[in-house]
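Just passing along the structure, written as structure tokens.
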Amino acid sequence: MIEVKNIFKSFDGKQILSDINAVFEAGKTNLIIGQSGSGKTVLVKCIVGLFSPDSGQVLYNNRNLHGMKNSEVRLLRSEIGMLFQGSALFDSMSVLENVMFPLTIFSKESTKAKLDRAHFCLERVNLKGVDNLLPSEISGGMQKRVAIARAIALNPKYLICDEPNSGLDPKTSLLIDELISDITAEYQITTIINTHDMNSVMGIGENIIFINKGIKEWTGTKEGIFNSSNKTLNEFVFASDLFRKVKEAENFAQSQEG
Amino acid sequence: MILDALHRFGEYVLLIYRTLTWPDRWSVFVRQTFREITKLGVDSIGIVLIISLFTGAVICLQMTMNIRSLFIPAYAVGMSTRDILFLEFSSTIMCLILAGKVGSNIASEIGTMRVTEQIDALEIMGVNSANFLILPKIVALMVFIPVLVIFSNFFGIIGGYIVATFTDIITVAKYEYGIQSYYKEFYIWYSIIKSIVFAFIISTVASYFGYYAKGGALQVGKASTNSVVISSVIILLFDVILTHILLQ
Ligand SMILES: Nc1ncnc2c1ncn2[C@@H]1O[C@H](COP(=O)(O)OP(=O)(O)OP(=O)(O)O)[C@@H](O)[C@H]1O
Ligand SMILES: [Mg+2]
């Protein structure tokens, strides 16, 4: 479980996050949603400690990350898998080497076992036959999938995904969502996903926090999101035509029943 | 300005402090180091060879023209060509050139890794990114730049030899006699010691500028230029200091 308490963060006097509180439970897919520029990436970077917040706490199973010794932080981080918005693959290494990398550094298993694990992860994200290509030689969507494979290679306890399906086609997108949601339930991972994709929200949004301009506006589940009365949330959710029509149809059906 | 420089120096020291620890995985470290030796060192042999050959030739030509005098024996040409190469050219000038070639390469590589979040990715995995990325480069350069310097000494001498062979301004015999007379073995050690220090400067300064790059491709380019300028100035400064210490 990851708990975020009263996080404030500013850059050069510009307030980016104000008093964020949230609880992300294990075994659930926790979503952070919000417009572009609302502070989602900054928030997850505070959560993993790449940024230190101006004030506030990030608790990993009740231990505060921003009060740990360096060695403790490093130990904790070997249990975190993170997917960056821009993939952040090592560009001098092949696809397979990228996925092997965390295993080479941390796993004490045999080379054969590590290779098997890497191949298993690549298969789970539907990638075959690209083992020896460099990241620059595959498409952006494939890079994303390699990055996911790398993030799950060590069976992380915590999985943080910054926009796992931006730049993916709807089908692969769905596949990735399902994959993340499956492994989350299977291994009781604490998963946090940044997204502004409403399909993901409706698909896997078990616990959703909505951030607008650095302020947490709303918390709930995918079931609650349609009927929320929060104005900014409604604007965000129904910005898409499709969802507006779904909502209208639903209202219509309800009025018919009533 | 001064505050900024102090701030940067502090960052540099902290980075070096984080870099100079035992690697987490020796096998990975050794592999990385060999990769760096190939990429940064072996690939520089060509340029070292060409520059040294030509410079040796030019020094020999200029010496002949400048010290044509009754009172100075002809073999002095060989002797002074050798000393210029050993004392200054093959270590200091060569390292300035390498600061341009190798240093900019290091700074842009690490800078790109910084701005594309690859360094963050390493940190998130619990890897000491400074140690993982920078230490192999430091070791590779400190091992291989002295080798390049010895190459440079050798090919510089060959350059002069070619001049002696193909022109009639100095005979081969006198050149040969010259490069062997008043030979001080310590000059070789002096150039090796200097080059080891310069290797450390090139690798760490370039790594520092890359590691703290911010922004995008444009800033990486700037970081790489800055690293070349700053490391060149520091090399020249240490040239004076080391010469004072070693040759007094
Ligand atoms: N390193 C930084 N320095 C200064 N400002 C930053 C930095 N990182 C982010 N910001 C600012 O913080 C704000 C929030 O950025 P953030 O990347 O968190 O948005 P986001 O919600 O992830 O958007 P997107 O959906 O487009 O990824 C932006 O206004 C951005 O300019
Ligand atoms: Mg973002």
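The values are calculated or read from the model by the stated rules, or taken from the named source; none is laboratory data. Source: prediction; values computed, not measured. We place every Cβ from the backbone using ideal geometry, glycine too, and count neighbours over all the protein chains shown.
With the requirement that a residue be on the phi < 0 side of the Ramachandran plot and facing another protein chain (nearest Cβ under 9 Å), what does segment B:92-118 give you?
Just the residues of segment B:92-118 that are on the phi < 0 side of the Ramachandran plot, to begin with: B:92-116, B:118.
Those that are on the phi < 0 side of the Ramachandran plot and facing another protein chain (nearest Cβ under 9 Å): B:Glu109, B:Thr112, B:Met113, B:Thr116, B:Gln118.
I need the full set of residues from segment A:35-91 which are on the phi > 0 side of the Ramachandran plot and within 16 Å of ligand 2 (Cβ to nearest atom), in order please.
A:Gly37, A:Gly39, A:Ser87, A:Ala88 - these are the residues of segment A:35-91 that are on the phi > 0 side of the Ramachandran plot and within 16 Å of ligand 2 (Cβ to nearest atom).
Same structure, new question: So which residues in segment B:107-137 are touching an Asp or Glu at 6+ places or on another chain (Cβ under 9 Å) and among the hydrophobic types (A, V, I, L, M, F, W, C), if there are any at all?
Going through segment B:107-137, the residues touching an Asp or Glu at 6+ places or on another chain (Cβ under 9 Å) turn out to be B:112-114, B:116, B:118, B:126-129, B:131-133, B:136-137.
Across segment B:107-137, the qualifying residues are B:Met113, B:Val127, B:Phe132, B:Leu133.
Considering only residues that are among the polar types (S, T, N, Q) and within 18 Å of the chain's Cα centre (by Cα), look in segment B:19-38 and name the one that is surrounded by the fewest Cβ atoms within 10 Å (Cβ to Cβ). Give the steps one after another, and end with the answer.
So in segment B:19-38, the residues among the polar types (S, T, N, Q) come out as B:19, B:21, B:27, B:32-33, B:38.
When the remaining residues are screened for being within 18 Å of the chain's Cα centre (by Cα), the result is B:33, B:38.
Details: B:Thr33: 19, B:Thr38: 12.
Across segment B:19-38, the extreme among qualifying residues is B:Thr38.
In addition: Given (1) at the interface with chain B (Cβ under 10 Å from one of its Cβ atoms); (2) surrounded by fewer than 20 Cβ atoms within 10 Å (Cβ to Cβ); (3) β-branched (Val, Ile, Thr), identify the lone condition not met by A:Ile80.
Every condition holds for A:Ile80 apart from (2).
When only residues in segment A:57-88 that are of a type outside the set (Gly, Ala, Ser) and within 13 Å of the chain's Cα centre (by Cα) count, which is farthest from ligand 1 (Cβ to nearest atom)? Walk me through how you get there before you give the answer.
Filtering segment A:57-88 for residues of a type outside the set (Gly, Ala, Ser) gives A:57-66, A:68-70, A:72-77, A:79-80, A:82-85.
Filter once more, keeping what is within 13 Å of the chain's Cα centre (by Cα): A:80, A:82-85.
On the way: A:Ile80: 18, A:Met82: 14, A:Leu83: 13, A:Phe84: 11, A:Gln85: 6 Å.
Looking at the filtered set, the residue picked out is A:Ile80.
From A:Asp116, A:Asp54, A:Asp19, A:Asp91, grab the single residue that is of a type outside the set (Phe, Trp, Tyr), away from ligand 1 (no atom under 14 Å from the Cβ) and touching a strand residue (DSSP E or B) at 6+ places or on another chain (Cβ under 6 Å). First the steps, then the outcome.
On the way: A:Asp116 fails: touching a strand residue (DSSP E or B) at 6+ places or on another chain (Cβ under 6 Å); A:Asp54 fails: away from ligand 1 (no atom under 14 Å from the Cβ); A:Asp91 fails: touching a strand residue (DSSP E or B) at 6+ places or on another chain (Cβ under 6 Å).
It is A:Asp19.
Within segment A:105-121, how many residues are outside any loop (DSSP other than H, G, I, E, B) and modelled with pLDDT of 90 or more? Can you show your working first?
Of the residues in segment A:105-121, the ones outside any loop (DSSP other than H, G, I, E, B) are A:105-106, A:111-121.
Among the residues that remain, those that are also modelled with pLDDT of 90 or more are: A:111-121.
So the answer is 11.
Collect the residues in segment A:1-47 that are in contact (Cβ under 8 Å) with a residue 40 or more places away in the chain, over 28 Å from A:Tyr187 (Cβ atoms) and in a strand (DSSP E or B), keeping them in residue-number order.
Correct list: A:Asn6, A:Phe8, A:Lys9, A:Ser10, A:Gln15, A:Ile16, A:Leu17, A:Ser18, A:Asp19.
Counting only residues that are assigned to a helix (DSSP H, G or I) and within 21 Å of A:Glu123 (Cα to Cα), how many does segment A:164-220 have? Don't jump to the end; show me each part of the working.
So the first thing to find is which residues in segment A:164-220 are assigned to a helix (DSSP H, G or I), and the list is A:170-186, A:198-204.
Checking the rest, the ones that are also within 21 Å of A:Glu123 (Cα to Cα) come to A:170-186.
Looking only at that region, the number is 17.
Hey, another quick one. Report every pair of residues separated by at least 6 positions or lying on different chains whose Cβ atoms are under 8 Å apart, first residue within segment A:84-95 and within 14 Å of B:Met125 (Cα to Cα), second assigned to a loop (DSSP other than H, G, I, E, B).
Cβ pairs passing all conditions: A:Phe84/B:Glu117; A:Ala88/B:Thr116; A:Ala88/B:Glu117.
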